[in-house]
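Let me begin by presenting the structure, written as structure tokens, before commenting on it.
The values are calculated or read from the model by the stated rules, or taken from the named source; none is laboratory data. Here the structure is a predicted model, which is why all the values come from computation and not from measurement. Cβ placement follows ideal geometry from the backbone for every residue including glycine, while neighbour counts extend to all protein chains displayed.
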Amino acid sequence: MRILEKTLIYIALGIIIAWTLMPIYWTINVSLKAGLEVYEVFSTRFSIENYVRLFREDFHRYLINTAYLASLTTVISLALAIPASYSLSKLPISDKLRRGFLV
Amino acid sequence: MKTRSISYILVLPSLAIMLFTTLYPIIGVLYYSLYSYNIVTGEFRFSGLNEYIELLRDPLFIVSIRNTVIFSVTATALQTLLGLAIAVLVNQRIGGKEYIIPILVLPNMFSVVVVSSMWKLMLEYETGLINYILKFLGFQPLPWLTSMDLALYSIVLIDTWQWTPICFLIFYAGLQSIPRELYEAAIVDGASPIRTFTSITHPMLKPYIALVLLLRSIDTFRLFDKVYLLTGGGPANSTETISLYIFKTGLVFWDIGKASAASFIMLTLILAISILYIRRSILS
């Protein structure tokens, strides 16, 4: 009985994991194909041509831009939030402002 | 006295930014919604509630409200139920949790653009994996994103794929906080699994369920990015949502007055939903 229960749980989890990973598998699969092979569902031939083309264009620029933007946002929001949260939780301040701020 | 003034100085910058980025736009939207304001024609005159009346007469706006409500209700219900079911499954005494949980949370780490492109590939009529599986199993391939009846539900499916993990995580945290003794007592008393769920798990999880419902209904109500990327509101406006409607009137046709009025209606709807949820979850 216990073993049967466990098997059923694992089967259910297996279906959920398959459902979760399916689009990711498919995207990687398509990215590794060139030309008309995109139409094949399972293929054994791989090519990194798409990735080569991507970096021959300005893709590294976009990566740098994204990283720059992300770090800048983090720094600014931390710089604003740390003093505010410190003063709201540790220093004396009117309760009205404290409650209003959290809303 | 001195520390008090320091504490205000420390709060001030973030308070100012928050006021500037939330309160100011709301007031601005309310102000512009009372005017006939179009950037293309250069028209700008006071028109009272005229824009609101015009909006409610616009069949496209009514359709967009209908679509948004259908999407929000089905997606929220599906994600909450699935998330709860998966959380209960993972919470059983099984091995390998440290591998299962990261895999299950994976979908939420992609940006919406990536998720939409991935699913566009999957749902492609001729070459997509989903239709391949359907054909393999002997079913007819379905026009997922190009049929009027299916497109909205395809987007529900994609949203469910992406956001169920968050529901799962919140429920899982909730389940972890339920003391084990309660379940041991239930086993001693010989309670059935269903009885255990309705008498222990459900009441203990109630605040988490309310939280997930609130978060998901607000977020699904604002649906814009997936529709914009996948269908653009089509086919035949069957996936037009309020956000997309506002975007088109405001930033494509530059009819600021009408778009402001629509934004204000949407804001009121979202506020109404959240107040309803918060009231009920605090009262219960």
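General observations
- A count restricted to the range B:150-188 and to residues that are within 19 Å of B:GLN92 (Cα to Cα) and without any contact (Cβ under 8 Å) to a residue 60 or more places away in the chain stands at 13.
- All conditions but one from (1) more than 30 Å from A:GLU5 (Cβ to Cβ); (2) touching a Gly at 6+ places or on another chain (Cβ under 7 Å) apply to B:LEU229; the one that does not is (2).
- Residue match in the range B:215-235 (condition: assigned to a helix (DSSP H, G or I), polar (S, T, N, Q) and farther than 30 Å from B:TYR172 by Cβ): no
- Residue match in the range B:184-199 (condition: within 28 Å of B:SER111 (Cβ to Cβ) and either among the aliphatic types (A, V, I, L, M) or not in a loop (DSSP other than H, G, I, E, B) (or both)): no
- Of the residues making up the range B:126-143, those that are facing another protein chain (nearest Cβ under 9 Å) and not in a helix (DSSP H, G or I) number 3.
Table: residues versus (1) within 29 Å of B:ARG195 (Cβ to Cβ); (2) among the aromatic types (Phe, Trp, Tyr); (3) in a loop (DSSP other than H, G, I, E, B).
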{"site": "B:LYS120", "(1), (2), (3)": "no, no, no"}
{"site": "B:LEU145", "(1), (2), (3)": "no, no, yes"}
{"site": "B:ASP149", "(1), (2), (3)": "no, no, yes"}
{"site": "B:LEU152", "(1), (2), (3)": "no, no, no"}
{"site": "B:GLN162", "(1), (2), (3)": "no, no, no"}
{"site": "B:LEU169", "(1), (2), (3)": "yes, no, no"}
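- Qualifying residue in the range B:110-120 (condition: of a type outside the set (D, E, K, R), touching a Gly at 6+ places or on another chain (Cβ under 8 Å) and facing chain A (nearest Cβ under 10 Å)): no
- Scope the range B:125-148; condition in contact (Cβ under 8 Å) with a residue 60 or more places away in the chain and of a type outside the set (S, T, N, Q); matching residues: B:LEU145, B:MET148
- Options B:MET122, B:MET118, B:MET109; residue that is on the phi < 0 side of the Ramachandran plot, touching a Phe, Trp or Tyr at 6+ places or on another chain (Cβ under 6 Å) and without any contact (Cβ under 8 Å) to a residue 12 or more places away in the chain: B:MET122
- Spans of helices (runs of 4 or more DSSP H) in the range B:1-98 with at least 3 residues more than 12 Å from chain A (Cβ to nearest Cβ), under 30 Å from B:THR201 (Cα atoms) and touching a residue at least 40 places away in the same chain (Cβ under 8 Å): B:59-90
- Enumeration of residues in the range B:167-194 that are under 24 Å from B:ALA75 (Cα atoms) and surrounded by 15 or more Cβ atoms within 10 Å (Cβ to Cβ): B:CYS167, B:PHE168, B:LEU169, B:ILE170, B:PHE171, B:TYR172, B:GLY174, B:LEU175
- Test for B:PRO102: is it within 17 Å of A:ILE16 (Cβ to Cβ) and buried (at least 20 other Cβ atoms within 10 Å of the Cβ): no
- Scanning the range B:195-206 for residues that are within 30 Å of the chain's Cα centre (by Cα) and either of a type outside the set (A, V, I, L, M, F, W, C) or loosely packed, with under 14 Cβ neighbours inside 10 Å (or both) yields B:THR198, B:SER199, B:THR201, B:HIS202, B:PRO203, B:LYS206.
- Residues being part of a helix (DSSP H, G or I) and at pLDDT 65 or above - total across the range A:79-96: 11
- Residue identified as farther than 30 Å from A:GLU5 by Cα and of a type in the set (Val, Ile, Thr) among B:VAL112, B:VAL105: B:VAL112
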